[in-house]
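Enquirer: I'd like to ask some things about the structure below.
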Amino acid sequence: MQKIHILFFNQYISKSKAIKAISEKYNLFICNFGEQLRKQLMEEENELVIRIKSFMDNANLIPDHLMVEFFKNNIKRQNQDTLLIEFPKTTKQFLTLKKVLTDLDMEIQIIWHINQKNTEEYMIQYFKNPKAKLWLDKYGDEVREKWFQDFEKNQIFIAEMQKLTKNEKWKVIEVDYETEIDEELITKKINA
């Protein structure tokens, strides 16, 4: 049975090193849903891509059933356990995803969450970065408010997901800004 790992991040956390560490530790194919979607929208012209583009061309959100169909078409191409990134985005997508995985004889092995230990401290340290500081200098409190709104929205989503996934194994890796998110740190947290 093919195993699926799902990876969620808080905003403003470096993803690439965590993705690499987890995928290497578990020998997982990396399925970055957002990247695959963008790539196929640019390079392919099949019925599903045309339907998805029609929603995007009209500035509409892509319906969940099309997102899940896109996932299903792509996951069937893989012949190894997979690390799923940037999907699902909603609890409805997750519930549909679980049904699809069951139909494909696949199962969720671990749901990962890379989480900021202290979002306020993380934000303060983040905006000491010269490029990020430019945004803070330009937009001030608006940037801070957006940070907290995004963080709160993400935490609500994660809490909803945890309620839906009582039978799945969760691994939460907490990070602070000073900690370099590298393969060594993620590997230590995985093994903890």
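The values are calculated or read from the model by the stated rules, or taken from the named source; none is laboratory data. Computed from a predicted model, the values in this text were never measured in an experiment. Here the Cβ is made from the backbone with ideal geometry for all residues, glycine too, and neighbour counts use every protein chain on show.
Enquirer: Go through (1) assigned to a strand (DSSP E or B); (2) of a type outside the set (Phe, Trp, Tyr); (3) touching an Asp or Glu at 6+ places or on another chain (Cβ under 6 Å); (4) loosely packed, with under 15 Cβ neighbours inside 10 Å for LYS92 and report which single condition fails.
Expert: (1)
Enquirer: Looking only at residues that are outside any strand (DSSP E or B) and in contact with a Ser or Thr (Cβ under 8 Å, 6 or more places away or on another chain) in region 19-42, which one is nearest to PHE71 (Cα to Cα)?
Expert: Applying the filter and picking the extreme gives LEU28.
Enquirer: Within region 148-171, track down each residue that is charged (D, E, K, R), surrounded by 15 or more Cβ atoms within 10 Å (Cβ to Cβ) and in a loop (DSSP other than H, G, I, E, B).
Expert: Matches in region 148-171: GLU168 only.
Enquirer: Mind listing whichever residues of region 172-192 are among the charged types (D, E, K, R) and either in contact with a strand residue (DSSP E or B) (Cβ under 9 Å, 6 or more places away or on another chain) or not in a helix (DSSP H, G or I) (or both)?
Expert: GLU174, ASP176, GLU178, GLU180, ASP182, LYS189
Enquirer: List every residue pair whose Cβ atoms sit under 9 Å apart, with the two residues 6 or more apart in sequence or on different chains, where the first one lies in region 31-47 and is more than 22 Å from PHE8 (Cβ to Cβ) and the second, anywhere, is β-branched (Val, Ile, Thr) and modelled with pLDDT of 90 or more.
Expert: Hits for this filter: GLN40/ILE52; LEU41/ILE52.
Enquirer: So LEU84 passes all but one of these: (1) more than 24 Å from ILE13 (Cα to Cα); (2) surrounded by 14 or more Cβ atoms within 10 Å (Cβ to Cβ). Which condition number does it fail?
Expert: Evaluating LEU84 over (1) more than 24 Å from ILE13 (Cα to Cα); (2) surrounded by 14 or more Cβ atoms within 10 Å (Cβ to Cβ) leaves (1) as the failure.
Enquirer: Being under 25 Å from TRP112 (Cα atoms) and of a type in the set (S, T, N, Q) is the filter; apply it to region 27-66 and report the residue that is surrounded by the fewest Cβ atoms within 10 Å (Cβ to Cβ).
Expert: The qualifying residue surrounded by the fewest Cβ atoms within 10 Å (Cβ to Cβ) is ASN27.
Enquirer: Residues of region 81-121 being of a type in the set (A, V, I, L, M, F, W, C) and without any contact (Cβ under 8 Å) to a residue 24 or more places away in the chain, which ones?
Expert: Of everything in region 81-121, nothing turns out to be of a type in the set (A, V, I, L, M, F, W, C) and without any contact (Cβ under 8 Å) to a residue 24 or more places away in the chain.
Enquirer: Condition check: under 23 Å from PHE29 (Cβ atoms), of a type in the set (Phe, Trp, Tyr) and out of contact with any Lys or Arg (no Cβ under 8 Å at 6 or more places or on another chain). Does TRP135 satisfy that?
Expert: Answer is no for this residue.
Enquirer: I've got another one for you. Being of a type outside the set (D, E, K, R) and touching a Leu at 6+ places or on another chain (Cβ under 8 Å) is the filter; apply it to region 138-172 and report the residue that is farthest from GLN116 (Cα to Cα).
Expert: Only one residue fits best here, namely LEU164.
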